[in-house]
1. Just to be sure I understand, how many residues within segment 1-38 are out of contact with any His (no Cβ under 6 Å at 6 or more places or on another chain) and in a loop (DSSP other than H, G, I, E, B)?
2. Quick check on Gly41: is it modelled with pLDDT under 95, outside any helix (DSSP H, G or I) and loosely packed, with under 13 Cβ neighbours inside 10 Å?
3. Given Ala71, Ala66, which one is open to solvent by less than 40 Å² (accessible area, probe 1.4 Å), at pLDDT below 95 and not aromatic (Phe, Trp, Tyr)?
4. Please pick out the residue among Asp26, Asp14 that is surrounded by fewer than 16 Cβ atoms within 10 Å (Cβ to Cβ), more than 19 Å from Thr73 (Cβ to Cβ) and within 11 Å of the chain's Cα centre (by Cα).
5. Within segment 45-72, how many residues are over 29 Å from Met1 (Cβ atoms) and in contact with a strand residue (DSSP E or B) (Cβ under 7 Å, 6 or more places away or on another chain)?
6. Determine whether Val34 is modelled with pLDDT of 95 or more, of a type in the set (A, V, I, L, M), open to solvent by less than 40 Å² (accessible area, probe 1.4 Å) and in contact with a Gly (Cβ under 9 Å, 6 or more places away or on another chain).
7. If only one of Glu13, Glu31, Glu40, Glu6 is closer than 12 Å to Ile69 by Cβ and of a type in the set (Asp, Glu), which one is it?
8. Can you tell me which residue in segment 49-60 is most open to solvent (accessible area, probe 1.4 Å), limited to those that are more than 12 Å from Ile16 (Cβ to Cβ) and free of Cβ contacts under 8 Å to residues at least 40 places away in the same chain?
Amino acid sequence: MSISNEAVTKLIEDGIPGAEVVVSGDGYKYETTVVSDTFEGLNTLKRHQAVYAAVNSAITSGELHALTITAKTPAEA
């Protein structure tokens, strides 16, 4: 059982409103770039925790196995 790139994108967009989200993946490994002003002042760990929190339901259900995250502020992007 796997999750679509579109479904992962929606989870992140719902969890981090206003974020620009790009997701690519093959059904097992996924990569995402998330750009959001909510990351301003947060270190990499805190940014990743915010993204993981958004997709946690897919992780706990087993649909999402591996997610590589790039999280930036608009100024960094």
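The values are calculated or read from the model by the stated rules, or taken from the named source; none is laboratory data. Given the structure is predicted, the values throughout are model-derived calculations rather than measurements. In this analysis, Cβ positions are derived from the backbone assuming ideal geometry, glycine residues included, and neighbour counts consider all displayed protein chains. These area figures cover heavy atoms from the full protein model, side chains too; ligands, DNA and RNA do not enter into them. Shrake-Rupley method; radii C 1.70, N 1.55, O 1.52, S 1.80 Å.
1. Going through segment 1-38 one residue at a time, the tally reaches 11.
2. no
3. Ala66
4. Going through Asp26, Asp14 in turn, the sole match is Asp14.
5. Looking only at that region, the number is 1.
6. No; evaluated as a whole, the condition is false for this residue.
7. None of the others qualify; the one that does is Glu31.
8. Filtering segment 49-60 for residues that are more than 12 Å from Ile16 (Cβ to Cβ) and free of Cβ contacts under 8 Å to residues at least 40 places away in the same chain, the one most open to solvent (accessible area, probe 1.4 Å) comes out as Thr60.
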